[in-house]
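Here's the structure, in structure tokens; my notes come after.
The values are calculated or read from the model by the stated rules, or taken from the named source; none is laboratory data. Computed from a prediction, not measured in an experiment: that's the story for all the values here. For neighbour counting, all protein chains shown are included, and Cβ atoms are generated from backbone atoms with ideal geometry for every residue, glycine included. These accessible areas exclude ligands, DNA and RNA; they are computed on the full protein's heavy atoms, side chains included. Shrake-Rupley method; radii C 1.70, N 1.55, O 1.52, S 1.80 Å.
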Amino acid sequence: VEKAIKEKKKIVFTGHSSGGAIAILTTVWFLEHYLKPGKTLMSPLCVTFGSPLVGDFIFNHALIRENWSNFFLHFVMRYDIVPRILLASLSTVGQELDQILKLLSQKAMFPIQGSVREASTFYTSVMRNASAVASHAACRLMGNTNPILETVASFIELSPYRPCGTFVFLPGHGKLVVVKNADAILQLLFYSAQLCSENQLNAVAERSLNDHLGYLSELQGCLNWQNVVQLDHLEGLPLSSSGAAAGNIATNIALDDLGLSTRARLCLRAAGEHEKQKLSNQQRMDNKRQEIELGLAKLEEYKSKSALCKVGYYDAFRISKYEDDFKANVTRLELTGIWDEIIEMLNRYELPEPFESRKDWIELATKYRRIVEPLDIANYYRHAKNEDTGSYMYKGRPRRYKYTQRWREHGLRMPVGSSAESCFWAEVEELLLLYRTADPGAFEVIRERTINLERKLDEWIRSNQISNDVFLKGSTFTKWWITLPIQHKSVSPIQGQINREI
């Protein structure tokens, strides 16, 4: 890999069967180590044939979020059992799996007949499990709120494995069906390998093993990509052959070639509608950007007014004596409602995966966190919630701030926890509670935390992540800091800035 990079060559990771799984993981390793912001590098490609699944839903989510999903291309024969094996739990197929793996190895070396009984038993076990996984996923896509669904799922062991990247299904006759929607791929893995009748079980089970070894001969007839169908716009798929519009004839033929029933097509439609709804949710959130910006502008104005009084908006809000403080609180609550809705949709995966990597939203979220979280901290300690709940950082910090902080750290490839500037006042409040000026030894208890806070504050001030109003004469921080031991203050990195302000 290093040699190929130096020679500026295109790198392709590829493999068949378990080699495909290794190729996927190797490609992810390559992307993590070499494809970094600001670094010019030819994008890699991962091509697999009959590969088992390697990751869960979060794995696929992360690949799409990082814009890496298009680097993965997986070929799957219609009945190949190996890409479907991990839709079954090991506890249900474990006894049969060793036999099937040995059988596949033998078939790869010597085309042998027989093995029908083992193949049929294994095929039935895998597809029964795949049915449970696909049905559970389809119910979620269709918005099923029946509590029985979750009750059943709680005691039935469902495989966590899910597809990732682009899948190319090979239904036969030199045709290729390309699908990118992971929810649709999961449904296709199950429905495209269905039996037409019980009498077909032995033949299909045997084919499920033979297909795994038939990629070379099958692909030789379709590598010119002349007969390719892209399954896009899934929400408009025809539900039957007779219902296909003129423009959907090729698509409908491809669906027929994969043996998809009306139920299967409904599941694909649900996957398409779900994707469409996520895009609609994103548009709705994009439309709220102006409302967020307006609210932040109001709080910036409130912050400027407070600074003129030599107090700082954190302390002004903590005291809340005037009408402006009340208005600031109303704005804070309005913004809270919007951001809680965004975070909740992200947690339910109701927004497109790339939403989290969008630079404009990362910047807006950071701006929101830096302006509004100090007000939440002021409100928390003003009402003494720490006495009942505990410190803000460990017990009281809302998800909207934790998430948007991680959002920025991940987007900028920063160490976890390194963008905690909006929590400055929470640390100040905790140090105040620990420090007692009447006790000569009180400072020793908080010395290390104080030094660490001062160091970070100096960095945050220099990089404009925190404004100078924390050093104002009426600031809680300033009032506390000037009571610290002289020997400590004389070597503090923030001494000069405090002296300038007061």
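Test of understanding: among 363, 373, which residue is in a helix (DSSP H, G or I), farther than 18 Å from residue 283 by Cβ and touching a Pro at 6+ places or on another chain (Cβ under 9 Å)?
Working: 363 fails: touching a Pro at 6+ places or on another chain (Cβ under 9 Å).
Checking each option against the conditions leaves just 373.
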**Message:** I need the full set of residues from region 63-95 which are surrounded by 24 or more Cβ atoms within 10 Å (Cβ to Cβ) and within 20 Å of the chain's Cα centre (by Cα), in order please.
**Reply:** 72
**Request:** Sort through 170, 209, 216 and tell me the only one that's under 26 Å from residue 71 (Cα atoms) and either open to solvent by less than 10 Å² (accessible area, probe 1.4 Å) or outside any helix (DSSP H, G or I) (or both).
**Result:** 170
**Prompt:** Within region 283-318, can you find the residues that are touching a residue at least 12 places away in the same chain (Cβ under 8 Å) and either open to solvent by 50 Å² or more (accessible area, probe 1.4 Å) or assigned to a loop (DSSP other than H, G, I, E, B) (or both)?
**Reply:** 288, 289, 291, 293, 298, 300, 305, 309, 310, 311, 312, 318
**Leading residue by the ranking (least open to solvent (accessible area, probe 1.4 Å)) among those in region 336-379 that are within 14 Å of the chain's Cα centre (by Cα) and basic (Lys, Arg)** = 358
**Item:** Odd one out for residue 114, checked against (1) open to solvent by 30 Å² or more (accessible area, probe 1.4 Å); (2) among the small types (Gly, Ala, Ser); (3) at pLDDT 90 or above
**Value:** (3)
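Just for region 397-425: of the residues that are in a helix (DSSP H, G or I) and open to solvent by 30 Å² or more (accessible area, probe 1.4 Å), which one is modelled with the lowest pLDDT? Spell out the reasoning first.
The first filter runs over region 397-425 and keeps only residues in a helix (DSSP H, G or I), leaving 399-411, 421-425.
When the remaining residues are screened for being open to solvent by 30 Å² or more (accessible area, probe 1.4 Å), the result is 399, 402-403, 406, 408, 410-411.
On the way: 399: 95, 402: 96, 403: 95, 406: 94, 408: 94, 410: 91, 411: 88.
Among residues in region 397-425 that are in a helix (DSSP H, G or I) and open to solvent by 30 Å² or more (accessible area, probe 1.4 Å), the one modelled with the lowest pLDDT is 411.
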**Prompt:** Just a yes or no: is a residue in region 37-48 within 30 Å of residue 217 (Cα to Cα), in the same structural domain as residue 166 (by the TED database), among the polar types (S, T, N, Q) and touching a residue at least 40 places away in the same chain (Cβ under 8 Å)?
**Reply:** no
**Prompt:** In the set 491, 428, 445, which member is buried (at least 18 other Cβ atoms within 10 Å of the Cβ) and either over 21 Å from residue 316 (Cα atoms) or of a type in the set (A, V, I, L, M, F, W, C) (or both)?
**Reply:** 428
**Item:** Candidate set from region 254-272 (those that are in contact with a helix residue (DSSP H, G or I) (Cβ under 6 Å, 6 or more places away or on another chain) and touching a residue at least 40 places away in the same chain (Cβ under 8 Å)); member that is farthest from residue 131 (Cα to Cα)
**Value:** 272
